[in-house]
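For reference, the structure is listed below as structure tokens.
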Amino acid sequence: MGHRLILTLILVATCCPRTGADETAAWFAKLADHPWVPGQIIVGFEEGSDIDGSRVQRYEPRVRGSRGLRHGAVAKNGVGPSHPLARVRVLKLGRGADVLDVAETVRRIPGVAYAHPNYFVVPAYDPDDSLFATEQYASAVIRAPEAWDITVGRSGVLVAVIDSGIRLDHEDLQNGAIWVNDDPVNGIDDDRNGFVDDVNGWDFINNDQYPWDADGHGTHVAGIIAARTGNAIGIAGLAQVTIMPIQVFDGPHGTWEALAQAIFYAVDNGADVINFSGGGFGGDGLLERAVEYAWQNNVAVITAAGNHGTDDVIYPAAYPQSITVGATGPDDGAEVWSATGPHVDVAAPGVSILSTYARYADDYQTSTGTSMAAAHVTGLVALMVTVNPDLGVEQVRRLLQDNAVDVADRGFDESTGAGRIDAAATLASVPRDIVTPRVVHDQGRNTFPYSGYIDPRSDSSSGDAVDYGIDTLIITFSEPVRDAGAAAGQPLSANAFSVTGTSDALPTVAAIDASDNPTVYVYLSASLPVGQWTTIVANVEDLSGNRIEPHGNLGPDRDEPDRVDLGFLPGDVDQNGNVDPLDLLRLKRMIFGQFDAISGDVFDYADLNRDGKVDPVDVLEFRKMVRGQRPATQRWAGQRLPDRP
């Protein structure tokens with residue numbers, strides 16, 4: 001799935017900027033009093049461990065039962081134990097058991113990666129019912145209209161909104177705004193993703209295919225991101241993209257179990273951006289693994305800081321992989337109720353934001369909170385992904401911060417991070433080309449010889465490579481290149497290439513022909529040494545200045561993006577790394593159609609005298625070459641190729 005982005009936001013909206021601090025403080029205190037699901041522990045097992053839920057019960061008698069996660073991909077045919085969630089169990093404790101004490105005991109069992117309570121994540125917002133807003137001031141503040149001159153988004157960008165669900169029939173969330181998966185409601189898992197009939201997403205709190213919003217918050221967030229424009233009704237969403245509805249709240253709260261499964265679902269089903277609205281206490285464990293999974297799949301997790309007005313951290317906002325958002329108001333200043341801390345990356349408008357709502361199909365409300373602020377960042381990132389689908393998580397973070405407007409303390413501050421987002425400046429700064437060049441390793445179709453063991457007989461129909469060795473290479477890059485660090489317009493030169501290897505007598509790069517760049521002919525000062533590995537290293541960059549990644553050797557049988565490894569051993573017909581009498585037998589069998597060439601065409605491999613046919617005369621030619629009696633670079637017999645570098 002290439003590069004995707006997940007935006008996680010904290011569902012914390014208050015009724016108005018003046019009373020919001022008191023109300024969210026009460027919410028924060030309530031969460032502190034009841035931070036987890038009573039009588040449950042989530043435990044994750046290390047990969048390869050033979051420990052499971054039933055064995056945990058033998059170690060800890062206060063554990064009375066266990067179950068796996070209700071995530072379709074865990075039990076999906078062909079996926080099963082390979083999915084990270086297959087190593088997670090929810091333990092049920094006996095009446096009166098101390099949840100934290102049992103979790104600590106279970107955590108010390110060999111083979112257990114983590115154990116912790118099943119923390120609550122809660123919605124904590126109170127919508128402003130006055131509908132006093134007559135225009136969307138936030139769009140003007142962040143310069144969205146100027147950004148729309150670059151792009152308004154596209155339907156192919158998929159934003160998963162992990163929240164209270166979405167009112168799917170809302171008038172301003174039509175015309176492609178809602179994801180339609182290739183899994184219609186027919187009782188069959190048509191797309192084989194482990195979830196039956198998830199045509200519009202999934203409800204992980206009720207474990208069904210109906211992510212319908214009975215609360216309003218998810219619909220509000222979705223409207224900020226992707227309400228339709230140009231339809232003469234309602235509001236204008238920040239990005240004309242597609243929303244994947246995922247529900248993790250049902251009434252006053254959700255759980256880490258539901259939230260983590262939702263993140264995995266979003267990533268596994270192709271979300272480019274994910275928007276989660278909730279938060280709770282906790283730390284490491286299952287939710288952290290879910291955020292890491294998204295990050296590892298190049299899906300950024302962007303969270304809202306929270307509305308409690310202090311530096312007390314909530315999760316997933318505090319994870320370093322998250323991009324965390326604080327709130328500003330109509331005066332473009334930091335709001336006192338917006339949570340603070342060094343993990344806040346940027347800020348966005350979050351006061352009295354008008355958007356779609358869920359009481360009826362043409363409902364609109366204004367709401368206040370860092371949820372709304374983070375939704376604006378979600379929409380902006382969706383526009384960024386539209387411009388460049390290959391953006392990485394840290395590139396997104398850096399672009400947001402580098403182009404933010406300083407609206408609080410000079411420089412970085414713990415209320416607004418790097419500042420309030422500027423959609424126009426950020427979008428204008430998104431590089432159109434960020435992909436680094438690489439050597440195309442394609443089994444000799446464009447780059448020859450290609451990385452790995454080679455036999456020179458497939459190099460030319462003339463047989464010259466067999467008689468005189470290989471001294472010319474063809475290297476094809478993924479795009480036109482120039483010397484690394486060269487000025488614009490400078491041609492590629494031989495200085496961009498170097499030679500290393502296992503031989504004491506290595507050739508050098510004498511010249512190149514880059515007239516067909518990105519296909520480059522590299523001329524060596526001498527033939528490749530027989531029975532050795534020779535590596536040609538390219539130190540180049542593309543015409544946008546993106547330098548080839550100098551990975552070095554990645555290990556045996558790994559094709560590196562910046563080099564070609566050439567193992568030159570003519571006569572090794574069975575390609576076992578040495579030339580011995582069996583190779584003559586293999587060649588004879590090849591002549592009579594009893595042995596196929598391991599690489600290349602049989603004629604290229606066995607027609608040694610290049611007369612257009614494979615016959616016993618080629619066996620005589622092979623014997624001469626092995627003994628060094630026919631012109632060749634070296635005697636072949638007894639040569640053994642060392643391990644590939």
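The values are calculated or read from the model by the stated rules, or taken from the named source; none is laboratory data. Computed from a predicted structure; not experimentally measured. Quick reminder, even Gly has a Cβ in these numbers, built from the backbone with ideal geometry, and neighbours come from all protein chains shown. These area figures cover heavy atoms from the full protein model, side chains too; ligands, DNA and RNA do not enter into them. Shrake-Rupley method; radii C 1.70, N 1.55, O 1.52, S 1.80 Å.
Can you name the residue in the stretch 135-190 that is in contact with a helix residue (DSSP H, G or I) (Cβ under 6 Å, 6 or more places away or on another chain) and open to solvent by 10 Å² or more (accessible area, probe 1.4 Å) and, of all such residues, is nearest to Arg420 (Cα to Cα)? Result: Arg143. Screening Ile235 on (1) among the hydrophobic types (A, V, I, L, M, F, W, C); (2) buried (at least 24 other Cβ atoms within 10 Å of the Cβ); (3) under 23 Å from Ala423 (Cα atoms) shows it passes everything except condition (2).
From the list Asp189, Asp215, which one is over 23 Å from Tyr357 (Cβ atoms), assigned to a loop (DSSP other than H, G, I, E, B) and in contact (Cβ under 8 Å) with a residue 24 or more places away in the chain?
Values: Asp215 fails: over 23 Å from Tyr357 (Cβ atoms).
The unique qualifying residue is Asp189.
Name the residues in the stretch 248-268 that are open to solvent by 10 Å² or more (accessible area, probe 1.4 Å) and in a strand (DSSP E or B), would you? Matches in the stretch 248-268: Asp250, His253, Thr255. Taking the criterion of being at pLDDT below 90 and either touching a Lys or Arg at 6+ places or on another chain (Cβ under 8 Å) or of a type in the set (A, V, I, L, M) (or both), the only residue of the stretch 86-109 that qualifies is Ala86.
Those residues that are among the β-branched types (Val, Ile, Thr) and not in a loop (DSSP other than H, G, I, E, B), I need them from the stretch 416-437; list them, please. Residue satisfying the conditions is Thr426 alone. Residues that are at pLDDT 90 or above and at positive phi within the stretch 130-147 comprise just one, Arg143. Restricting attention to the stretch 269-290, and to residues there that are in a helix (DSSP H, G or I) and of a type outside the set (A, V, I, L, M, F, W, C), which single residue is nearest to the chain's Cα centre (by Cα)? Applying the filter and picking the extreme gives Arg289. Restricting attention to the stretch 404-415, the residues being buried (at least 21 other Cβ atoms within 10 Å of the Cβ) and more than 19 Å from Tyr137 (Cα to Cα) number 1.
Quick one: which of Val540, Val520, Val530, Val509 is touching a helix residue (DSSP H, G or I) at 6+ places or on another chain (Cβ under 6 Å) and either open to solvent by 50 Å² or more (accessible area, probe 1.4 Å) or in contact (Cβ under 8 Å) with a residue 40 or more places away in the chain (or both)? The match here is Val540. The numbered conditions (1) modelled with pLDDT under 85; (2) touching a Leu at 6+ places or on another chain (Cβ under 6 Å) are all true for Ala505 except (2). Scanning the stretch 165-185 for residues that are modelled with pLDDT of 90 or more and within 25 Å of the chain's Cα centre (by Cα) yields a total of 8.
The strands (runs of 3 or more DSSP E) found wholly in the stretch 528-628 and carrying at least 2 residues that are more than 34 Å from the chain's Cα centre (by Cα), more than 30 Å from Gln490 (Cα to Cα) and modelled with pLDDT of 75 or more occupy 532-538.
Could you please let me know if Ala227 is closer than 27 Å to Gly251 by Cβ, within 24 Å of the chain's Cα centre (by Cα), open to solvent by less than 60 Å² (accessible area, probe 1.4 Å) and among the small types (Gly, Ala, Ser)?
On the way: closer than 27 Å to Gly251 by Cβ: yes; within 24 Å of the chain's Cα centre (by Cα): no; open to solvent by less than 60 Å² (accessible area, probe 1.4 Å): yes; among the small types (Gly, Ala, Ser): yes.
No: the conditions fail for Ala227.
Would you point out the residue of the stretch 38-70, among those that are charged (D, E, K, R) and part of a strand (DSSP E or B), that is surrounded by the fewest Cβ atoms within 10 Å (Cβ to Cβ)?
So in the stretch 38-70, the residues charged (D, E, K, R) come out as 46-47, 50, 52, 55, 58, 60, 62, 64, 67, 70.
With part of a strand (DSSP E or B) added as a condition, the list becomes 64, 67.
Values: Arg64: 14, Arg67: 10.
So, considering only residues that are charged (D, E, K, R) and part of a strand (DSSP E or B), the one surrounded by the fewest Cβ atoms within 10 Å (Cβ to Cβ) is Arg67.
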